[in-house]
Structure formats: C-alpha cells, structure tokens
Amino acid sequence: MRNGEKGFTLIELLVVMTIIATLMTLVAPRFFQQTERAKVVVLEHNLHTLRVAIDGFRHDRLMGPQQLDELVEEGYLRELPMDPLANRRDNWEVSTDEQGQIIDVTSPSLPATQDERSDHP
C-alpha cells in the first residue's frame, strides 16, 4: 500500500476469492448429498408414522382402514404425511388384504433397498 492508504489490493481480493471458490467446490457436493439423505430419513419416519397409525386403527376397531384418508377422519393423524422425495401427500402405495383393508404402506420414491431396511408391521 502506498502513502498510508487503507484497503486491500486487487491481488489480495482475487487470492481470497480463489480460496473461497476452492473451498466451495469441496463443500457443496457434500451439502447436496446430505440434503437428499435427510429427505430419505424423513420419508422413513413418515412411513413409520403411517404404519403405527394403521396398527392403532386396526387394534381399536378390529379391522384395518379401507383408505388412508380414514386415518385422518378418525383422528389417528392430523393430516397425511408428505412424501419428501416426491413432494406429494397422495403418493403412498398401499397393500391390502382379502377384505380390502390396508395392511401396509410404502412409497415408490424410496429405493427398494431402503424400504426393506425399514420396519414393516
């Protein structure tokens, strides 16, 4: 710096910007991977919540619900949980028994290996 001027030179600013850009290229991919992983964790939690509500409905009424909306109507859930990967509430796939009662619920958004790890009723 000349004559007691305060401030940064253009070279100093460019060096700092280069260092920040380099660090961002290392951090950004990990951040986006963690975001996707968080969505999968929320989806697994929502599946568990739905399964617990179905089990509670079946235990109280001695029969399963015919539709997922019955869980909301009867007060087992405030609202159907969101599928965070599809960003929808109507994306759930249900498995029914011979009488048409829901016995399990899955999500088409969740990879098969993930769904197999989660606890089924």
Selection status of Gly7, part of a loop (DSSP other than H, G, I, E, B), more than 21 Å from Ser109 (Cα to Cα) and of a type outside the set (A, V, I, L, M): yes
On the phi > 0 side of the Ramachandran plot, assigned to a loop (DSSP other than H, G, I, E, B) and at pLDDT below 95: does that describe Gly64? no
Write out, first by first residue and then by second, each pair whose Cβ atoms fall under 7 Å of each other, whose residues are 6+ apart or on separate chains, and whose first residue, in the stretch 101-121, is modelled with pLDDT under 90 and surrounded by 15 or more Cβ atoms within 10 Å (Cβ to Cβ) while the second is assigned to a strand (DSSP E or B) and not hydrophobic (A, V, I, L, M, F, W, C). Ser109/Asp83; Asp115/Thr106
Is at least one residue of the stretch 46-65 of a type in the set (D, E, K, R), under 19 Å from the mean Cα position of the chain (by Cα) and loosely packed, with under 15 Cβ neighbours inside 10 Å? no
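The values are calculated or read from the model by the stated rules, or taken from the named source; none is laboratory data. Because the structure is predicted, anything quoted here is derived from the model rather than measured. Counting neighbours? That spans all protein chains shown, and the Cβs are built from the backbone with ideal geometry, glycine included.
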